[in-house]
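The values are calculated or read from the model by the stated rules, or taken from the named source; none is laboratory data. In this text, all values refer to a predicted model and were calculated from it rather than measured experimentally. All Cβ positions, even for glycine, are placed from backbone atoms using ideal geometry, and neighbour counts span all protein chains on display. Accessible surface areas use protein heavy atoms only, side chains included; no ligands, DNA or RNA. Shrake-Rupley method; radii C 1.70, N 1.55, O 1.52, S 1.80 Å.
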Amino acid sequence: MTPAAATAVLAAPAPPGFLSPTGVEIAFLLVGLVTLGAALVTVTTRQLVHAALWLVVALGGLAVEYLLLTAEFIAWVQVLIYVGSVVVLLLFGLMLTKAPIGRSPDADSGNRWAALTVAVAAAVALVWVVVDAFRTTWIDLDGPAAGTTEVTGTSLFRHWVLPFEALSVLLLAALVGAIVLSRKAKADAAAPAAPGKEGAR
């Protein structure tokens, strides 16, 4: 090896590794643990309102993770659509259907082991797919944001217009579901009152 080649090798930056995490990576790990804990509480609690509120924490934690990964556009979409719309509609649905505030014994279907098996299998599959796809890909978290609104918008509305519009149907489906549940609750509440009125006459 020539002296010039040796100097070039020594001057080359060392490849990133897991043994020297940066502050952003440590924050990413801590927020991920909080998000995982909130998700576990969401699916294990028997209080519906508490489950909805912990879901807000879990989705908000995902938004913070996107910000730490320099994907600011996806982070704000997460906040506006999921935290700001879907969860609000879910809370309205709980209020309109007069869901119990306290513990709900019927909130557990009894299929915990089947659900745990499916959850673990799905988690293993997702981790394997992500690791296999991005094994040698490193994101410069200290550099400029790679997922800015301009870059993402250009790619989104040039190549992914149809899937983006199809995704907007999610909000409409959630709104229609809340309306249907509220109308059904009103019909069930009005049904027992009808015989009483006839008897009074």
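All but one of (1) farther than 19 Å from LEU171 by Cα; (2) in a helix (DSSP H, G or I) hold for THR70; which doesn't?
(2)
Could you tell me whether the stretch 109-130 includes any residue that is open to solvent by 70 Å² or more (accessible area, probe 1.4 Å) and modelled with pLDDT under 75? Even if it seems obvious, please write down each step before you answer.
Pass one, the stretch 109-130, residues open to solvent by 70 Å² or more (accessible area, probe 1.4 Å): 109, 111-113, 116-118, 120, 124, 126-130.
From what's left, modelled with pLDDT under 75: 109.
Among the residues of the stretch 109-130, at least one is open to solvent by 70 Å² or more (accessible area, probe 1.4 Å) and modelled with pLDDT under 75, which makes the answer yes.
Looking only at the stretch 28-44, which residues are open to solvent by 60 Å² or more (accessible area, probe 1.4 Å) and not hydroxyl-bearing (Ser, Thr, Tyr)? Explain how you work it out, then say what you get.
At the first step, the residues of the stretch 28-44 found to be open to solvent by 60 Å² or more (accessible area, probe 1.4 Å) are 28-30, 33-34, 36, 40, 43-44.
Correct list: PHE28, LEU29, LEU30, LEU33, VAL34, LEU36, LEU40, VAL43.
Let's see how each residue does on (1) within 18 Å of ILE26 (Cα to Cα); (2) surrounded by fewer than 18 Cβ atoms within 10 Å (Cβ to Cβ); (3) at pLDDT below 85; (4) over 12 Å from the mean Cα position of the chain (by Cα):
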site: ARG46; (1), (2), (3), (4): no, yes, yes, yes
site: VAL49; (1), (2), (3), (4): no, yes, yes, yes
site: TRP54; (1), (2), (3), (4): no, no, no, no
site: VAL57; (1), (2), (3), (4): no, yes, no, no
site: ALA63; (1), (2), (3), (4): yes, no, no, no
site: LEU67; (1), (2), (3), (4): yes, no, no, yes
site: THR70; (1), (2), (3), (4): yes, no, yes, yes
